[in-house]
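Student: Before I ask anything, let me first share the structure, which is written out below as structure tokens.
The values are calculated or read from the model by the stated rules, or taken from the named source; none is laboratory data. Remember, predicted model here, so these are calculated numbers, not experimental data. As a convention, Cβ positions derive from the backbone with ideal geometry for all residues, glycine included, and neighbour counts pool all protein chains shown. Keep in mind that these areas ignore ligands, DNA and RNA; they rest on the heavy atoms of the full protein, side chains included. Shrake-Rupley method; radii C 1.70, N 1.55, O 1.52, S 1.80 Å.
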Amino acid sequence: DDATNEHYSMFFVEEEGTASSFLGVKEVIEARGLFASLYTDRGSHYWHTPEAGGKVDKHNLTQFGRAMRQLGIEMIPAYSPEARGRSERMFRTHQDRLPKELAAAGITDMAAANRYLREVYLPAFNAEFLQPAQEEGSAFVPWIGGDLDDILCEQ
């Protein structure tokens with residue numbers, strides 16, 4: 001969350017892609033509600049990019065892009081070095097901390113690692129790095145649209 005630095009969803013998967021991105025969005029919507037926009041890298045599961053390193057095609061949507069459009073969530077592709085730097089710094093923080101914490105806890109399998117993320121790491125991370133929002137209230141809107149699995153899927 002750009003306003004508070006809060007992390008809402010975090011889990012390990014074999015490979016990042018459409019299915020894992022759907023799962024992360026689903027977790028956030030079920031826990032918090034719909035959000036207005038999602039800032040992403042230009043990975044192929046988020047965007048079609050006709051020319052390597054070029055602009056994304058906002059009209060030829062991926063399955064993920066189609067689902068976000070159905071939900072009314074604006075997707076924003078990351079172009080600026082500042083935006084990439086911010087996310088890369090956060091990834092480095094997690095990549096530095098997590099292996100050490102998992103090893104110290106004796107965790108060696110993905111199921112246990114995901115439990116640790118959900119029950120220990122994510123709450124502790126948010127407690128340490130969460131910043132108060134400049135305004136009171138929430139921009140999340142309760143989800144009342146039925147089964148998210150009907151949207152957050154490949155069609």
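Student: In region 58-69, is there at least one residue being among the hydrophobic types (A, V, I, L, M, F, W, C), in contact with a Lys or Arg (Cβ under 7 Å, 6 or more places away or on another chain) and either more than 27 Å from residue 144 (Cα to Cα) or not in a loop (DSSP other than H, G, I, E, B) (or both)? Walk me through it before giving the result.
Tutor: Applying the first criterion (among the hydrophobic types (A, V, I, L, M, F, W, C)) to region 58-69 yields 61, 64, 67-68.
Those left that are additionally in contact with a Lys or Arg (Cβ under 7 Å, 6 or more places away or on another chain): 61.
Checking the rest, the ones that are also either more than 27 Å from residue 144 (Cα to Cα) or not in a loop (DSSP other than H, G, I, E, B) (or both) come to none.
No, region 58-69 has no match at all.
Student: Considering only region 57-90, state which residues are of a type in the set (D, E, K, R) and touching a residue at least 60 places away in the same chain (Cβ under 8 Å). Steps first, please.
Tutor: Narrowing region 57-90 to residues of a type in the set (D, E, K, R): 57-58, 66, 69, 74, 82, 84, 86, 88-89.
66 - this is the single residue of region 57-90 that is of a type in the set (D, E, K, R) and touching a residue at least 60 places away in the same chain (Cβ under 8 Å).
Student: Condition first: in contact with a Leu (Cβ under 8 Å, 6 or more places away or on another chain) and either outside any loop (DSSP other than H, G, I, E, B) or open to solvent by 80 Å² or more (accessible area, probe 1.4 Å) (or both). Now tell me which residues in region 118-145 satisfy that.
Tutor: Result: 121, 141, 142.
Student: Say whether the condition of being at pLDDT 90 or above, out of contact with any Cys (no Cβ under 9 Å at 6 or more places or on another chain), loosely packed, with under 13 Cβ neighbours inside 10 Å and of a type in the set (Val, Ile, Thr) is met by at least one residue in region 77-97.
Tutor: Looking for residues that are at pLDDT 90 or above, out of contact with any Cys (no Cβ under 9 Å at 6 or more places or on another chain), loosely packed, with under 13 Cβ neighbours inside 10 Å and of a type in the set (Val, Ile, Thr), one finds none in region 77-97, hence no.
Student: Have a look at 112, 67, 104 and point out the one that is hydrophobic (A, V, I, L, M, F, W, C) and open to solvent by 80 Å² or more (accessible area, probe 1.4 Å).
Tutor: Values: 112 fails: open to solvent by 80 Å² or more (accessible area, probe 1.4 Å); 67 fails: open to solvent by 80 Å² or more (accessible area, probe 1.4 Å).
Result of the check over 112, 67, 104: 104.
Student: Applying the selection to region 146-155, what residues are part of a loop (DSSP other than H, G, I, E, B) and either open to solvent by less than 80 Å² (accessible area, probe 1.4 Å) or of a type in the set (Val, Ile, Thr) (or both)?
Tutor: From region 146-155, those part of a loop (DSSP other than H, G, I, E, B) are 146-147, 151-155; that's our starting set.
146, 151, 152, 153, listed by residue number.
Student: For region 126-155, give me each residue that is closer than 17 Å to residue 3 by Cα and in contact with a Lys or Arg (Cβ under 8 Å, 6 or more places away or on another chain). Spell out the reasoning first.
Tutor: Within region 126-155, the subset closer than 17 Å to residue 3 by Cα is 126-141.
138, 140 - these are the residues of region 126-155 that are closer than 17 Å to residue 3 by Cα and in contact with a Lys or Arg (Cβ under 8 Å, 6 or more places away or on another chain).
Student: On to the next question. Of all residues in region 28-49 being free of Cβ contacts under 8 Å to residues at least 40 places away in the same chain, out of contact with any strand residue (DSSP E or B) (no Cβ under 6 Å at 6 or more places or on another chain) and open to solvent by 70 Å² or more (accessible area, probe 1.4 Å), which is nearest to residue 80 (Cα to Cα)?
Tutor: Among those residues, the one meeting the criterion is 44.
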